[in-house]
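Below you'll find the structure, written out as structure tokens, and then a few comments.
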Amino acid sequence: MQNIGEKTEDMTPTQMAAYYFEKGYTPEQVQDVIKNKKILYPTISEVLNEFMGRENITVEKLSMLSDVKVSTIYRIMNKQRNPNRNTILRLALALALSFEETQVLLKSSNCSLLSAARERDLIIMSGITKELDYESVNKELAEKNMPELNVRF
């Protein structure tokens, strides 16, 4: 594994994680790099704020696109609620995050990362890669008789 170069010095932890994912690092390797830099993974609220700011999207618009209540998003951002994995995935799809950014969002909320070992995750990963919206991914899951993203389990 390479040492962190000058390129990452001015990056936020989220940007750094995405950078190393793009370079082919595994989540474990990225975690090691960040730990060695004495940088902790950002919180879910920090990551959401960063991505929402980048996309210039309001909480209300994110709520509409993700079908997650405005009050729930505010509670997540104020560290008053820990979202479940499906909620995180809905937010990621609504923000049109890349696969690597979605993994960072999942990690920041202490949810399990997407894995090619799970058929349902493969469908979600495919939707992210194809830049599908939340409703389209839900439709594909339903067609395969898999739990949709608005189901708690």
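The values are calculated or read from the model by the stated rules, or taken from the named source; none is laboratory data. Keep in mind that this is a model prediction, so the values were computed, not measured. No Cβ is skipped: glycine too gets one built from the backbone with ideal geometry, and neighbour counts run over all protein chains shown. The area values use the complete protein model at the heavy-atom level, side chains included, leaving out ligands, DNA and RNA. Shrake-Rupley method; radii C 1.70, N 1.55, O 1.52, S 1.80 Å.
Key figures for this structure:
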quantity: Segment 13-23, subset open to solvent by 20 Å² or more (accessible area, probe 1.4 Å) and under 15 Å from Val47 (Cβ atoms), residue modelled with the lowest pLDDT; calculated: Pro13
quantity: For Ala142: the one exception among (1) surrounded by 15 or more Cβ atoms within 10 Å (Cβ to Cβ); (2) over 27 Å from Glu50 (Cα atoms); (3) of a type in the set (A, V, I, L, M); calculated: (1)
quantity: Matching residues in segment 133-146 - criterion: being touching a helix residue (DSSP H, G or I) at 6+ places or on another chain (Cβ under 7 Å) and within 17 Å of Ala92 (Cα to Cα); calculated: Asp133, Tyr134, Ser136, Val137, Glu140, Leu141
quantity: Condition met for Ser98 (among the hydroxyl-bearing types (Ser, Thr, Tyr) and over 19 Å from Tyr25 (Cα atoms)); calculated: no
quantity: Qualifying positions in segment 100-112 - charged (D, E, K, R) and open to solvent by less than 20 Å² (accessible area, probe 1.4 Å); calculated: none
quantity: Residues within segment 115-124 that are at pLDDT 95 or above, in contact with a helix residue (DSSP H, G or I) (Cβ under 8 Å, 6 or more places away or on another chain) and more than 24 Å from Met64 (Cβ to Cβ), tallied; calculated: 1
quantity: Exclusive hit being among the basic types (Lys, Arg) and under 25 Å from Pro27 (Cα atoms), set Lys139, Lys107; calculated: Lys107
quantity: Selection count, segment 68-99, where residues are farther than 21 Å from Thr129 by Cβ and open to solvent by 70 Å² or more (accessible area, probe 1.4 Å); calculated: 8
quantity: Contacts under 6 angstrom Cβ, first residue in segment 139-152 being within 13 Å of Arg85 (Cβ to Cβ), partner charged (D, E, K, R), 6 or more apart; calculated: Leu149/Arg90
quantity: Helices (runs of 4 or more DSSP H) wholly inside segment 43-153 that include at least 3 residues being under 19 Å from Tyr19 (Cα atoms) and within 16 Å of the chain's Cα centre (by Cα); calculated: 44-55, 99-108, 119-129
quantity: Segment 24-66, subset over 22 Å from Leu95 (Cβ atoms) and among the basic types (Lys, Arg), residue modelled with the highest pLDDT; calculated: Lys35
quantity: Test for Leu65: is it in contact (Cβ under 8 Å) with a residue 24 or more places away in the chain, under 20 Å from Tyr134 (Cβ atoms) and open to solvent by 30 Å² or more (accessible area, probe 1.4 Å); calculated: yes
quantity: Verdict on Ile34 being touching a Cys at 6+ places or on another chain (Cβ under 9 Å) and open to solvent by less than 10 Å² (accessible area, probe 1.4 Å); calculated: no
